[in-house]
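Colleague: Shown below is the structure under consideration.
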Amino acid sequence: MTDVDSYCFSIEEARVLTGMDLFSTEELFAVFSGEEKLTRDAYNAGFRTVVKKKYDAPPAEATRIKVIIDRLFDVLAAEPDAVEFLPLACGLSVFSKDPQDVKVQAAFKLYDTNGDGVISLEEMTNYFTCVFAVVFALDPSRQAAMGGIPSTDLAVMTATQAFADADKDGNGELSYDEFKEWFAESPCA
């Protein structure tokens, strides 16, 4: 019997195994949208839709796919049986098949949670918290290799450095152009 806790996945491997590689960011969001909070059942139903697009029959990798899906839910859910759409969307955004320019636009929209056309340090920190939580959940060895740093601490450090590098006019916010320039040069790209 295989110990599923020992499974580690790269973002690319999780993208391909689950079938998220066949979806644009907007398509992934549409599969899971409709509710501000998704129950575990609704979340699993969304992933059944995603997985079915790739596989006609139950895939041979079903156990590994289930581990990915369960880990994503567990790390993004604020409650035991529900995940809010925004953290889920932030987490899913790293899996889309979109080209870089489309990912930049989608990432900016996700970061700008209050819709004011700029990104605050808090908004960017919240986004990175979800992204790093997903990366560490898929491959716990990555967190261990970074000294066990919590995703929240890494998110604060990354967002703070991003603002130091990208906020060219020093107003404490990132415009789309500042963000786009930073994203293109960032290791997050």
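Readers should treat all values here as calculations from the given coordinates under stated rules, not as data from a laboratory. Since the model is a prediction, treat every value here as computed from it, not as a measurement. When we count neighbours, we look across all protein chains shown, and the Cβ atoms used for this are built from the backbone with ideal geometry, even at glycine.
Colleague: Going by amide H atoms built from the backbone, whose H comes under 5 Å of the H on Glu84, apart from near neighbours?
Modeller: Counting only residues 5 or more places away or on other chains, the set is Leu38, Ala78.
Colleague: A further question follows. With each label point set 7 Å from Cα along the Cα-Cβ vector, what nm distance links Lys53 and Thr160?
Modeller: 3.9
Colleague: Positive end of the dipole of the chain, charges at C-beta (+1 Lys, Arg; -1 Asp, Glu), about the Cα centre: which of Val94, Thr129, Thr49 has its Cα farthest in that direction?
Modeller: Value computed over the given set: Thr49.
Colleague: Once the cut-off is 20 Å, how many percent of the Cα-Cα pairs in segment 7-98 end up in the long-distance tail?
Modeller: Value for segment 7-98 (Cα pairs over 20 Å): 28 percent.
Colleague: A further question follows. Applying the Karplus parametrisation 6.51 cos²θ - 1.76 cosθ + 1.60 with θ = phi - 60° to the phi angles of segment 149-165, what ³J(HN,Hα) value in whole Hz is obtained for each residue in order, glycine and proline being reported as x?
Modeller: Those phi angles translate into 4, x, 4, 5, 5, 5, 4, 4, 5, 5, 5, 4, 5, 4, 5, 4, 7 Hz.
Colleague: Using mean Cβ contacts within 10 Å as the protection proxy, how do 166-175, 56-65 order, highest first?
Modeller: 166-175, 56-65
Colleague: Using helices alone, I'd like the mean residue ellipticity at 222 nm for the chain: each DSSP H run of four-plus residues gives -39500 (n - 2.57), total over residue count, nearest 500.
Modeller: It comes out at -19000 deg cm²/dmol, rounded to the nearest 500.
Colleague: Next question. Cα convex hull of the chain: how many Å³ per residue?
Modeller: 119
Colleague: Using θ = phi - 60° and the Karplus relation 6.51 cos²θ - 1.76 cosθ + 1.60, list the HN-Hα couplings for segment 64-70 in order, rounded to whole Hz, with x at every Gly or Pro.
Modeller: The phi angles translate into 5, 5, 4, 4, 4, 4, 5 Hz.
Colleague: Using the alpha-carbon atoms, what tilt in degrees (0 to 90, nearest 10) does helix 121-138 show relative to the longest principal axis of the chain?
Modeller: That helix lies at roughly 30 degrees to the long axis.
Colleague: Rounding to the nearest 20 debye, state how big the charge dipole of segment 26-74 is about its Cα centre with +1 on each Lys and Arg Cβ and -1 on each Asp and Glu Cβ.
Modeller: The dipole of segment 26-74 has a size of about 220 debye.
Colleague: How would you rank 153-160, 134-141, 8-15, highest first, on the average number of other Cβ atoms within 10 Å across their residues?
Modeller: With the highest mean Cβ count within 10 Å placed first, the list reads 134-141, 153-160, 8-15.
Colleague: Taking the simple approach of a point 7 Å from Cα along Cα-to-Cβ for both Ile11 and Asp116, what is their distance in nm?
Modeller: 2.7
Colleague: Additional query: Calculate the dipole size of the chain relative to its Cα centre from +1 charges on Lys and Arg beta carbons and -1 charges on Asp and Glu beta carbons; express the result in debye to the nearest 20.
Modeller: In total the dipole reaches around 800 debye.
Colleague: Multiply the residue separation of Glu36 and Lys168 by 0.36 nm, subtract the distance between their alpha-carbon atoms, and state the gained length in nm to one decimal.
Modeller: Net length gain for the segment: 44.0 nm.
Colleague: Under a point-charge model restricted to the Cβ atoms of Lys and Arg (+1) and Asp and Glu (-1), what is the dipole moment magnitude of segment 7-98 relative to its Cα centre, in debye to the nearest 20?
Modeller: Once rounded to the nearest 20, the dipole reads 320 debye.
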